[in-house]
Amino acid sequence: MSTDVQPPPEADEVAEQAAAIAAPEVIADSFGEYVKIWWTRVRSGESGALPVILGLAAIVIYFQARSSLFLSAGNLVNLIEQAAWIVTLGMAEVFVLLLGEIDLSIGFSSVIGGVFTCWLLVPPNPAPWPLAVLVGLAFPALYSGIQGVIVTWLRLPSFVVTLAGYLFGQGFLLYIINTAAPNSGGTIRLYSNVLSDIESGAMSVTAGWIVMAAAVVLAGGLFVVRDGRRRASKLAAPPVSVTWLKVAVMAVAGVVVVLIGNTNRGIAVVVRGVPWVVLVILVVLVAYNFLLGRTRFGRYMYAIGGNAEAARRAGINLSRIRVLAFALCGLTAGIMGIIYTSLLGSVSANVPGQNVLYAVAAAVIGGTSLFGGRGKMLGAVLGGIIVAVIYNGLQLLGLGAAPQYMWTAVVLLAAVTVDTLARRGRTTT
C-alpha cells in the first residue's frame, strides 16, 4: 500500500513518541504528585515555558522600575499592538524550525503580500477586501512553498535557498511597489477601514467581556471533557485539580487583558476596548495548536524534526510534510503582512530587513529548538512578547535602536544557551 495514501502503523507510533517528547502528558494521581514530577522534569532539562515566563517577568519588573508608565493601560495596549506582528511572524517560523529548517524570506514575502492587498484596494475601483486578503495570504504561501519544493527535491540547505529568497524578495518588493504606486516615494496606502481596524480599532467594552467569557468557557470545557475522557479510558491525563487550574489561569489571563483594554487610555477623548488584533492572534494560536497537537500532520512534523531517518523508515512522507510546512510558514507570514500593514496604515519599500530575525528570535526564545522536533506555538507568542517588551521598554526610556538590537541579541543568546544545555542534560540522563 502506498505511503501517500495510508501510512503504516509504525508511522503513527514514531510520531506519537516524538509528540510526547514535545508536549508530554504527566501521569499523576494528585496535584502534589503532579508538581513533584513536573519539578523533576524541570531539573532534568524539560523546563518547558518556565524560563520564558521567568525571563519575561524579570524584564517587565526591570522596565517598570525604570519607568512607572510601563505598566500603564495605554502603554500595555500599545505593547500588544506592537507585539502582534512579531508574534505572528514567530509562529510562522515555528513550522520550519520544528523540522530543523529555516525560512529567511518571510520578512519580505509577508510585506509583498501586504502590497498586493493594498494594491487591490486602491480606489476608484477597489476589489472586495476579503479577496484582497486572500491574495495577500496566497503570495507568501506560494513563495515559501516553492522554496520548500526546492529544498526537498534538490536537497539544498534551507538556509541558502531561503537566503536567496530573501534577496529576491527584497528586490521584488521594490519592483512591485513602484509598479503598484508609481511616483509615491515607495509607499502604498491601505484603503480599507476594516483592515485598518485590526490594529487601530477595538471591541466595545461589552463585546470584550463576551468574547473573553466565550473563549474561556469553550476552551475550559474542551480541557475538562478531553481530560475526563482520557481518565475514563485509562490514558495519560493530568489530575482533575490540574485541569481546573489551567482553566483558572486562562480565565485570570483573559480578565487581565480585558481590564487593561477597557481602561480609558485617551486624553481629550475616551479611548477604551480590547484591540481586534488580540482576537486575530487568539484564533491563529488556537488553530495552530490544534494542527500541531491534535492532527496526524502535527505528529509527523515532530517525528521528522526529532529523527528524520526513523520517520522515513516508519513510512512518513518527508517531502510532502516539508513542503506543507514551508507553505504554512508562508501563509502565517501573510497574516503578519496584513497585521503589519494595518499597524502602519501603509506598506513601504523601506521595511526593515531584520524583521525575519525577530521571527527567529521570537520562536527560539519561546523554546523552539533550532535542531528540530521541539517547540510550541504558545512559546513563539511568549517569545514575541519578550522581543516586543524589550523594544517598547527601551523606547519608553528614550533609548535608540542600538540598545534594542543589543538587548534582543543578549536574550536570544541566553535562550539558545538554555536550549543547548537542556539538550545536553537530556542526553546524559
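The values are calculated or read from the model by the stated rules, or taken from the named source; none is laboratory data. Predicted, not measured: the structure shown is a model, and the values here were computed from it. No Cβ is skipped: glycine too gets one built from the backbone with ideal geometry, and neighbour counts run over all protein chains shown. Just the protein is used for accessible areas: all its heavy atoms, side chains included, with ligands, DNA and RNA removed. Shrake-Rupley method; radii C 1.70, N 1.55, O 1.52, S 1.80 Å.
Odds and ends about this structure:
- Criterion (touching a residue at least 24 places away in the same chain (Cβ under 8 Å), part of a helix (DSSP H, G or I) and either farther than 30 Å from GLY165 by Cβ or not small (Gly, Ala, Ser) (or both)) met by exactly one of LEU99, LEU104, LEU89: LEU89
- Cβ-Cβ under 9 Å pairs, at least 6 apart or on other chains, region 253-268 side in contact (Cβ under 8 Å) with a residue 40 or more places away in the chain and under 10 Å from LEU76 (Cβ atoms), far side open to solvent by 50 Å² or more (accessible area, probe 1.4 Å) and part of a helix (DSSP H, G or I): VAL257/ILE80; ILE260/ILE80; GLY261/ILE80; GLY261/VAL205; ARG265/ASN78
- Pairs where the first residue, in region 228-251, is outside any helix (DSSP H, G or I) and the second is modelled with pLDDT under 80 and hydroxyl-bearing (Ser, Thr, Tyr), C-beta under 9 Å, 6+ apart: PRO238/TYR34; PRO239/SER30; PRO239/TYR34
- Residues of region 170-193 satisfying the condition of being under 15 Å from VAL122 (Cβ atoms), surrounded by 14 or more Cβ atoms within 10 Å (Cβ to Cβ) and not hydroxyl-bearing (Ser, Thr, Tyr): ILE176, ILE177, ASN178, ALA180, ALA181, ILE188, ARG189, LEU190
- In this structure, PHE139 does not qualify as among the aromatic types (Phe, Trp, Tyr), open to solvent by less than 80 Å² (accessible area, probe 1.4 Å) and either in contact with a Lys or Arg (Cβ under 7 Å, 6 or more places away or on another chain) or more than 30 Å from PHE371 (Cα to Cα) (or both).
- Residues of region 239-274 classified as of a type outside the set (A, V, I, L, M, F, W, C) and either closer than 18 Å to VAL216 by Cβ or surrounded by fewer than 14 Cβ atoms within 10 Å (Cβ to Cβ) (or both), total: 8
- Region 349-372: number of residues that are surrounded by fewer than 18 Cβ atoms within 10 Å (Cβ to Cβ) and not hydrophobic (A, V, I, L, M, F, W, C): 4
- Unique match (being of a type in the set (Val, Ile, Thr) and closer than 26 Å to GLY171 by Cβ) among VAL364, VAL360: VAL360
- Here is the figure for region 398-416: residues that are touching a residue at least 12 places away in the same chain (Cβ under 8 Å) and either open to solvent by less than 60 Å² (accessible area, probe 1.4 Å) or not in a helix (DSSP H, G or I) (or both) total 7.
- Qualifying helices (runs of 4 or more DSSP H) (wholly inside region 298-373; at least 3 residues being in contact (Cβ under 8 Å) with a residue 12 or more places away in the chain and under 22 Å from GLY136 (Cβ atoms)): 318-344, 355-365
So that you can scan it fast, the table gives a plain yes or no per residue for (1) touching a residue at least 40 places away in the same chain (Cβ under 8 Å); (2) of a type in the set (Ser, Thr, Tyr); (3) in contact with a Lys or Arg (Cβ under 8 Å, 6 or more places away or on another chain):
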site	(1), (2), (3)
TYR143	yes, yes, no
ARG155	no, no, no
SER158	yes, yes, no
GLY169	yes, no, no
PHE172	yes, no, no
ILE177	yes, no, no
TYR191	yes, yes, no
ILE198	yes, no, no
MET203	yes, no, no
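- The residues of region 111-129 that are of a type outside the set (A, V, I, L, M, F, W, C) and open to solvent by 60 Å² or more (accessible area, probe 1.4 Å), listed by number, are PRO123, PRO124, ASN125, PRO126, PRO128.
- Counting only helices (runs of 4 or more DSSP H) that fall entirely inside region 127-226 and contain at least 3 residues that are under 20 Å from PHE108 (Cα atoms), the qualifying elements are 129-154, 158-180.
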